[in-house]
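The values are calculated or read from the model by the stated rules, or taken from the named source; none is laboratory data. Owing to the predicted nature of the structure, the values given are computational and were not obtained by experimental measurement. Note that we place each Cβ from the backbone using ideal geometry, even for glycine, and neighbour counts take in every protein chain shown.
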């Protein structure tokens with residue numbers, strides 16, 4: 001059994017946080033570079049599958065409903081031989097972490113300025129309970145994300161139980177990390193010490209139930225040259241002036 005965890009390629013939001021306000025978090029597109037990153041990620045998956053001594057069954061793809069993950073999925077399908085892809089499913093449980101009042105506001109100074117009381121309460125929770133359990137106001141904690149990802153995991157395992165033992169999951173940094181934590185029974189400490197995968201990174205989880213499973217970073221995507229991050233057209237035709245880089 002093998003599961004490929006793919007984070008979406010570089011999005012406009014990774015380069016300029018104002019994209020989240022312009023498009024809405026769910027509708028932030030990939031940049032052209034991000035789509036190319038996703039194509040290369042798909043090629044790395046295709047190369048791995050092609051190197052197996054026995055042909056793998058068709059891979060089932062699961063992806064978040066957000067635009068940047070749908071576009072990443074399109075690029076992966078474009079890069080992988082059509083005969084290697086089976087069903088493609090969208091699942092809302094793979095969506096990005098909900099930051100509540102802080103959605104579309106990723107700068108801490110602006111969060112504090114707009115919602116001073118809520119920000120201070122969130123800061124206290126992070127200090128007292130840890131980042132894993134602290135909920136942004138009206139949003140989700142990382143523990144909440146891990147819980148819904150565990151529910152999604154049961155869907156994947158049911159599908160694998162029917163013989164579909166190759167899956168490609170296209171999600172976000174926190175959701176992919178939560179999936180790996182749940183699947184491999186990692187601790188909360190592991191989650192807090194680990195970092196989100198980079199844009200279009202591919203983590204491979206493989207093994208057998210009676211022998212155990214392991215994860216490896218199958219593909220590390222190339223970042224753009226910061227000198228080129230000036231004005232980049234998105235994968236679906238909109239434009240945004242690039243000013244800085246951030247994670248989601």
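In the range 127-137, what count of residues is obtained for those that are within 24 Å of residue 114 (Cβ to Cβ) and in contact (Cβ under 8 Å) with a residue 40 or more places away in the chain?
Adding up the residues that qualify gives 1.
Here is a yes/no grid of residues against (1) free of Cβ contacts under 8 Å to residues at least 60 places away in the same chain; (2) within 15 Å of the chain's Cα centre (by Cα); (3) under 26 Å from residue 80 (Cα atoms); (4) buried (at least 17 other Cβ atoms within 10 Å of the Cβ):
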position: 157; (1), (2), (3), (4): yes, no, yes, no
position: 162; (1), (2), (3), (4): yes, no, yes, no
position: 165; (1), (2), (3), (4): no, no, yes, yes
position: 168; (1), (2), (3), (4): no, yes, yes, yes
position: 189; (1), (2), (3), (4): yes, no, no, no
One residue from 74, 98 being crowded, with 16+ Cβ neighbours inside 10 Å, closer than 29 Å to residue 146 by Cα and at pLDDT below 95: 98
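Hey, can you tell me all the residues within the range 115-132 that are surrounded by fewer than 13 Cβ atoms within 10 Å (Cβ to Cβ) and either touching a helix residue (DSSP H, G or I) at 6+ places or on another chain (Cβ under 9 Å) or not in a helix (DSSP H, G or I) (or both)?
Across the range 115-132, the qualifying residue is only 120.
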Do we find a residue being at pLDDT 95 or above, touching a strand residue (DSSP E or B) at 6+ places or on another chain (Cβ under 7 Å), surrounded by fewer than 16 Cβ atoms within 10 Å (Cβ to Cβ) and not in a helix (DSSP H, G or I) anywhere in the range 49-65? yes
Under the condition of being within 11 Å of residue 81 (Cβ to Cβ) and without any contact (Cβ under 8 Å) to a residue 40 or more places away in the chain, which residue from the range 32-46 is surrounded by the most Cβ atoms within 10 Å (Cβ to Cβ)? 42
Residue 206 fails exactly one of the following numbered conditions: (1) surrounded by fewer than 20 Cβ atoms within 10 Å (Cβ to Cβ); (2) closer than 30 Å to residue 36 by Cβ; (3) touching a helix residue (DSSP H, G or I) at 6+ places or on another chain (Cβ under 8 Å). What is the number of that condition? (3)
So, in the range 150-166, how many residues would count as being touching a strand residue (DSSP E or B) at 6+ places or on another chain (Cβ under 9 Å) and either modelled with pLDDT of 95 or more or on the phi > 0 side of the Ramachandran plot (or both)? 1
